[in-house]
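Heads up: the structure comes next, in structure tokens.
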Amino acid sequence: MKFVTALLLVLSFNLSLAQSPEVVDFIEKGIAFHDNGDYASAIAEYNKALEIEPKSSLIHYELSLSYFYKKDFQDAIKHADVVIKNDDKYVKEAYITKGSCLDNLGKTKESIKLFKKGIRKFPDVLLYYNLALNYYKLKEFEDAEKYVTLGIAQKADHASSHLLLGYLNFDKDYKVQSLLNLHYFLLLEPTSSRSPRAVKLIKTMMSANVTKDEDDPKSVTISLSLPSKDNEFGAAEMMLGLLEASKSYEENEGKSDDEMFVENTDSFFTILGELQDKKKKKGIYWDVYVPLFYDLAKSDHMEAYCNYITQSANENYENWVDNNSDKLDALAEWFSKK
């Protein structure tokens, strides 16, 4: 999967810090060109500003970003290095841009070293995320999980970190952890271009251990495998097949897929919450994910929640909202108090 890490950069600056109105004008024009995808024209405007203020960290950073999007990674690194050397403004952003350039140049291990250096100065979620992403690309999953988790500890609402952790756990065949990661991602980002794949992956994992008989839809085979010793959610994973098989039960005849998804998600969250009560375990899953979703399962908002997170891949969502907007409002109010 191709991740464009620079898309995650958020630049906040005050152009009044520039030393002359002329420089401000060049920078504003450059930003407008960049935002319209005309990176060559943006670079031309920034270079005009650079002639007046050759040491400006802001101008060098904007140049590095436009060169990055232009896929001129060497020139992007050159200007990012100036920002890093200046060591005043936009240094964190320059580390991210330079690290992304190195990765795109095939120098992923060098990029990892740079991100670690940046983290020592700026323990920021974007640096942790990009470092974890590079480890993920190298299939060094243990380090990827370590750093993306540290990033989430810095900023729990960074959607991309939860998504990366979801894919990482999916690749490790840790279905329960991946489901929790993807649920959290969709709670934060239910309508982006990345959301439908996350919804599909959740539903795939929920039914992964169940095979239906084509000649007899009510006949299902559940494949249960013993959990690995290092998977603390093995017992919950074994329950996923049983939840999916419940669709064939007589009492569930006539229920829609959407209704069954709500019921099975509710049961899944409840099972995890009860496991937590019994085992008193610690860690990001037991401290962050499970308590939130267990509380949700005990609330009256599961229907609204399931419709909300699956809206990007649910053709029935708009009709549901037309009749249930009050339920969404109640869900939002509930989350606002968490």
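General remarks:
- Subset of segment 100-111 (residues that are over 15 Å from S66 (Cα atoms) and surrounded by 24 or more Cβ atoms within 10 Å (Cβ to Cβ)): S111
- Filter pass, N130 being in a helix (DSSP H, G or I) and touching a residue at least 40 places away in the same chain (Cβ under 8 Å): yes
- Matching residues in segment 112-148 - criterion: being closer than 13 Å to K98 by Cα and more than 19 Å from the chain's Cα centre (by Cα): I112, K113, L114, K116, K117, G118
- Selection status of K85, of a type in the set (K, R) and out of contact with any helix residue (DSSP H, G or I) (no Cβ under 8 Å at 6 or more places or on another chain): yes
- Per this entry, D87 is counted among residues that are on the phi > 0 side of the Ramachandran plot and free of Cβ contacts under 8 Å to residues at least 12 places away in the same chain.
- Residues of segment 29-72 that are of a type in the set (A, V, I, L, M) and touching a Gly at 6+ places or on another chain (Cβ under 6 Å): A42 alone.
- Index of the failed condition, F293 passing every other in (1) of a type outside the set (K, R); (2) assigned to a helix (DSSP H, G or I); (3) without any contact (Cβ under 8 Å) to a residue 60 or more places away in the chain: (3)
- Residue count for segment 129-159, restricted to those that are small (G, A, S) and surrounded by fewer than 23 Cβ atoms within 10 Å (Cβ to Cβ): 3
- Qualifying residue in segment 78-93 (condition: among the acidic types (D, E), under 30 Å from the mean Cα position of the chain (by Cα) and under 24 Å from V148 (Cα atoms)): yes
- Matching residues, segment 27-45, being among the hydrophobic types (A, V, I, L, M, F, W, C), in contact (Cβ under 8 Å) with a residue 24 or more places away in the chain and closer than 17 Å to S57 by Cα: I27, I31, A42, I43
- Here V83 passes the criteria (1) more than 20 Å from I43 (Cα to Cα); (2) in a helix (DSSP H, G or I) except the one numbered (1).
- Checking each residue in segment 148-206 for being β-branched (V, I, T) and modelled with pLDDT of 95 or more picks out V148, T149, I152, T191, V199, I202.
The values are calculated or read from the model by the stated rules, or taken from the named source; none is laboratory data. Keep in mind that this is a model prediction, so the values were computed, not measured. Note that each Cβ is placed from the backbone with ideal geometry, even for glycine, and that neighbours are counted across all protein chains shown.
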